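> Here you go, one structure.
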Amino acid sequence: MGLTRKQIIMLAVLVFGTFVTVLNQTVVAPVLPSVMAEMSVDAATAQWLTTGFTLVNAIMIPTTAFLVDRFTTRSLFLVSMAVFTVGSALAAWGPNFGVLLGGRLVQAVGAGILMPLVMTVLMWTFPVSKRGTAMGLFGIVIAFGPAIGPTAAGIIIDRATWHDMFFIIAGLSIAVILVGLFTLERGGETNKDVRLDVPSVILSTLGFGGLLYGLSLIGSYGISIDSAVGTVVGVVGIVAFFRRQLRMDHPMLQVRVLQNRKFLIATIIGMIVQGALLAAGILVPILLQSYMGYSATASGLVLLPGAIIMGAMGPVAGRLFDRHGPRALSVIGTGVLTLTTIAFCFSGPNTTIIGLAILYTIRLFSLSLVNMPITTWGMNALPNDLVNHGTSVNNTLRQVAGSLGTAIIISASTIATNLSAPHIGQTAANFLGIDMAFVVASVLCLIAFGLVVAFVKNKPGEACENDADNARRTVLEAIMKRDVFTLPETAKVSEAMKLLVDKGVSAVPLVNAAGEATGFISDGDIMRNLSKRSTMMMDPIVMIMQMSDADGSNKDFVRKLETLMDMPASAIGSKGIIGVDVHADLPEVCRVLGENHLKKVPVLDDGRIVGVINRSDITHYSMERYLAGRTLTRTPDGEESANDDAAGERA
């Protein structure tokens with residue numbers, strides 16, 4: 001990896017600490033049936049262990065920005081892990097549901113701080129040349145934790161108890177703290193002047209917490225004074241919180257970004273999807289363990305394939321988004337999500353565990369086609385100065401929606417079960433409750449599908465809308481190279497090969513009569529089709545050997561080469577093209593290059609290629625801008641120091 005021993009140890013501590021907290025978020029689903037049986041609580045009450053955790057996480061997201069500015073990263077990391085450990089110990093002890101829930105909420109405080117904090121620690125710990133390695137490992141952990149969490153929890157519960165599971169998490173957290181004390185550097189500068197808006201924290205807690213509390217009570221006991229008061233307090237608190245944020249010069253949560261219609265639609269779709277996702281993660285283990293008699297291990301294994309696929313699909317969905325835009329992916333994703341959710345409405349005692357596993361896996365696959373494209377589409381609609389605020393608002397509201405959506409769906413299950421039990425018996429009522437919960441989830445998914453069909457479009461002019469003064473375009477046009485070589489989409493492979501050789505390039509775009517890019521052909525495409533082993537395999541050694549014998553003695557190869565040269569270039573090239581709009585900002589260009597592992601990318605103006613931008617172009621531009629704003633002087637001992645005369649101007 002090219003890291004020093006100290007950096008490797010530090011990276012291991014940060015990654016393992018994050019792994020423990022991420023793992024903790026997904027181990028509860030297989031635990032719920034055991035908790036319900038041991039503590040005699042219904043599903044609407046037990047789901048607080050998940051929704052309460054998610055809600056506190058959401059409240060901590062905007063608060064973490066203040067904490068990172070106010071305290072050193074080393075202190076904050078150790079304190080957040082200590083808080084998480086205390087919560088884990090409380091949950092492990094858990095003599096009653098109240099203590100168990102309290103432990104989960106304390107866990108959420110520590111976990112809510114830790115995730116964004118570790119990202120910051122990685123940035124200041126590792127130099128630019130090594131951040132890719134560090135962030136890559138961090139990304140693997142984020143995907144791997146949720147995948148193995150339910151299965152690991154199921155195995156532990158079948159061989160011990162859910163108490164032991166939380167004791168193990170507490171023990172791992174203590175180990176992280178002890179190692180962190182000796183390996184983590186102080187890191188980061190503190191700002192004593194930053195202030196936390198306490199009224200905003202109180203209003204958000206009362207608002208979102210009160211609404212969640214009221215909805216959960218309605219699900220368990222029907223409409224009562226307590227549920228009505230909780231719901232009213234929640235609604236009033238949320239309204240007051242939003243009004244306060246709109247009046248503040250420096251709000252805790254910049255809700256003004258919701259005035260952008262595309263971002264608002266993307267956030268609503270993301271909120272609906274998040275609620276449907278978390279609810280299914282709770283309902284399926286209850287169905288399998290409490291109603292169908294399967295073990296916790298079996299329950300965890302049912303959830304495992306979907307979680308792995310969803311994690312692995314992240315970068316794949318990113319490449320598909322860059323090639324096809326948001327509409328196709330999100331329509332397919334929400335459509336399949338709706339259909340699979342409807343299929344869950346017909347679950348019953350005769351449903352097979354294999355059928356449930358396949359259905360759940362397809363469902364999570366469809367979610368992976370929605371989450372990234374919709375989020376990126378919404379964020380792309382915001383101007384540069386609001387992107388950070390948009391990320392915070394989107395993450396917070398998705399977490400809140402996950403809690404509220406789960407509460408609504410689980411409450412529907414509880415109400416249906418309680419109302420039908422006297423008439424059809426408890427067993428049948430239990431299955432009916434699960435089915436009715438998925439009916440509610442299906443309605444939500446159908447709403448998301450309708451929003452996607454109505455509002456999510458692939459409009460070439462969207463980037464232009466956020467670049468009214470052409471500032472982004474001016475930057476890209478100054479950086480990009482304009483000598484772009486293209487071929488008409490009707491060109492033959494022989495023409496493509498001649499252009500590749502004459503111009504010394506490895507690939508060229510194919511364009512239609514209107515000059516719009518429709519695909520591209522590379523030397524790799526030609527090589528694959530000449531390979532002796534397979535038309536799907538690049539085999540340059542075989543190709544070179546055969547080319548050296550192309551004087552006629554190798555007639556099969558000569559015939560294959562002649563046939564290939566006469567084929568249309570579009571027949572062997574790639575369909576579609578990954579490009580960036582001429583109005584895109586540099587962070588978006590970097591994302592496209594990085595996620596698709598490209599060295600260069602075409603620049604498009606209304607679908608037409610107007611230039612090409614390389615990684616090196618961006619690097620040189622960034623270096624020039626940086627050096628132009630700094631004056632280097634020499635200290636008496638010969639070391640360079642930076643006199644940032646233009647810092648104010650650059651800011």
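> Considering only segment 394-424, state which residues are among the small types (Gly, Ala, Ser) and either touching a residue at least 40 places away in the same chain (Cβ under 8 Å) or crowded, with 23+ Cβ neighbours inside 10 Å (or both).
Answer for segment 394-424, where residues must be among the small types (Gly, Ala, Ser) and either touching a residue at least 40 places away in the same chain (Cβ under 8 Å) or crowded, with 23+ Cβ neighbours inside 10 Å (or both): ALA401, GLY402, SER403, GLY405, ALA407, SER411, ALA412, SER413.
> Also: Looking at HIS583, HIS597, which is the one that is modelled with pLDDT under 75 and either touching a Phe, Trp or Tyr at 6+ places or on another chain (Cβ under 6 Å) or surrounded by 21 or more Cβ atoms within 10 Å (Cβ to Cβ) (or both)?
Criteria check complete, one pass: HIS583.
> Report yes if LEU303 is crowded, with 17+ Cβ neighbours inside 10 Å, under 27 Å from the mean Cα position of the chain (by Cα) and assigned by TED's automatic domain parsing to the domain that holds VAL400, otherwise no.
For LEU303, the condition - crowded, with 17+ Cβ neighbours inside 10 Å, under 27 Å from the mean Cα position of the chain (by Cα) and assigned by TED's automatic domain parsing to the domain that holds VAL400 - is met.
> A further question follows. From (1) touching a Leu at 6+ places or on another chain (Cβ under 6 Å); (2) within 26 Å of THR376 (Cβ to Cβ); (3) outside any helix (DSSP H, G or I), pick out the condition that doesn't hold for LEU253.
(1)
> Looking only at segment 374-383, decide whether some residue is in contact (Cβ under 8 Å) with a residue 60 or more places away in the chain, under 17 Å from GLY281 (Cβ atoms), among the hydroxyl-bearing types (Ser, Thr, Tyr) and not assigned by TED's automatic domain parsing to the domain that holds PHE241.
No, segment 374-383 has no match at all.
> Can ALA343 be described as surrounded by fewer than 23 Cβ atoms within 10 Å (Cβ to Cβ), assigned to a helix (DSSP H, G or I) and under 16 Å from the mean Cα position of the chain (by Cα)?
Against the criterion (surrounded by fewer than 23 Cβ atoms within 10 Å (Cβ to Cβ), assigned to a helix (DSSP H, G or I) and under 16 Å from the mean Cα position of the chain (by Cα)), ALA343 does not qualify.
> Quick one: which of ILE113, ILE168, ILE155 is under 16 Å from THR72 (Cα atoms), aliphatic (A, V, I, L, M) and modelled with pLDDT of 80 or more?
When all the criteria are applied, what remains is ILE113.
The values are calculated or read from the model by the stated rules, or taken from the named source; none is laboratory data. Values in this document were obtained by computation on a predicted structure and should not be read as measured data. Every residue, glycine among them, receives a Cβ derived from its backbone with ideal geometry; neighbour counts consider all protein chains shown.
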